[in-house]
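This is the structure I have questions about; it appears just below.
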Amino acid sequence: MNKKYIFIIILNLFLMDCNSSESSQRKFTPEKEIKKKKALLYIYRPSLFMGSAISYTIEDSYEKIYLNLRNGTYKAFFLDPGEISLSAETIGSASITIDIEEEQIYYLKGNVLAGPVIAKPFLTLVPTEVGQKEIMNCRPIE
């Protein structure tokens, strides 16, 4: 068997073991309500094998949002209405600007495009029905 395939199998087993710990078993718990005059932004990353070993930081320029987004995780943020710009960075980078409206719920999906040399993050604002479905198996970022 090729050494490359052995390495991939071992890496996969290691990642499965890391994801099976007690703390990672907690799944998505929706916020009960949106705070008055705020909006709710869920930032999440579905659990996928491709690029699963890569994590990256997402932050905004006002320092309201800062998180390390790993495979299969999410975090909720209550934000004031207005425009917010978020950026993500590994060796590559991505950014998105969202016009936040009062008492709305937003789902921002993060993931990576794994290339032959670098893994580039990407951020996508997804429709509510997509976000609600995809976030269900994500665990909270503590």
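What do you reckon, is Y56 in contact (Cβ under 8 Å) with a residue 60 or more places away in the chain, surrounded by 20 or more Cβ atoms within 10 Å (Cβ to Cβ) and within 21 Å of K37 (Cβ to Cβ)?
no
On to the next question. More than 14 Å from P140 (Cβ to Cβ), modelled with pLDDT of 90 or more and among the hydroxyl-bearing types (S, T, Y): does that describe S55?
So S55 does not fit the description; no.
Please identify the pairs in which a residue from the stretch 25-36 that is touching a residue at least 12 places away in the same chain (Cβ under 8 Å) has its Cβ atom under 9 Å from the Cβ atom of a residue that is among the basic types (K, R) and surrounded by 12 or more Cβ atoms within 10 Å (Cβ to Cβ), counting only partners at least 6 apart or on another chain.
Going by the 9 Å Cβ cut-off, the qualifying pairs are Q25/R139; R26/R139; K27/R139; F28/R139.
Another question about this same structure. Within the stretch 110-142, track down each residue that is surrounded by fewer than 15 Cβ atoms within 10 Å (Cβ to Cβ) and acidic (D, E).
E129, E142
Take the residues in the stretch 59-86 that are of a type in the set (S, T, N, Q) and surrounded by 16 or more Cβ atoms within 10 Å (Cβ to Cβ), then tell me which one is nearest to E31 (Cα to Cα).
For the stretch 59-86, the residue satisfying everything is T73.
The values are calculated or read from the model by the stated rules, or taken from the named source; none is laboratory data. Predicted model, so just to flag it, every value in this text is computed and none were measured. Backbone-built Cβ (ideal geometry, glycine too); neighbour counts: all protein chains shown.
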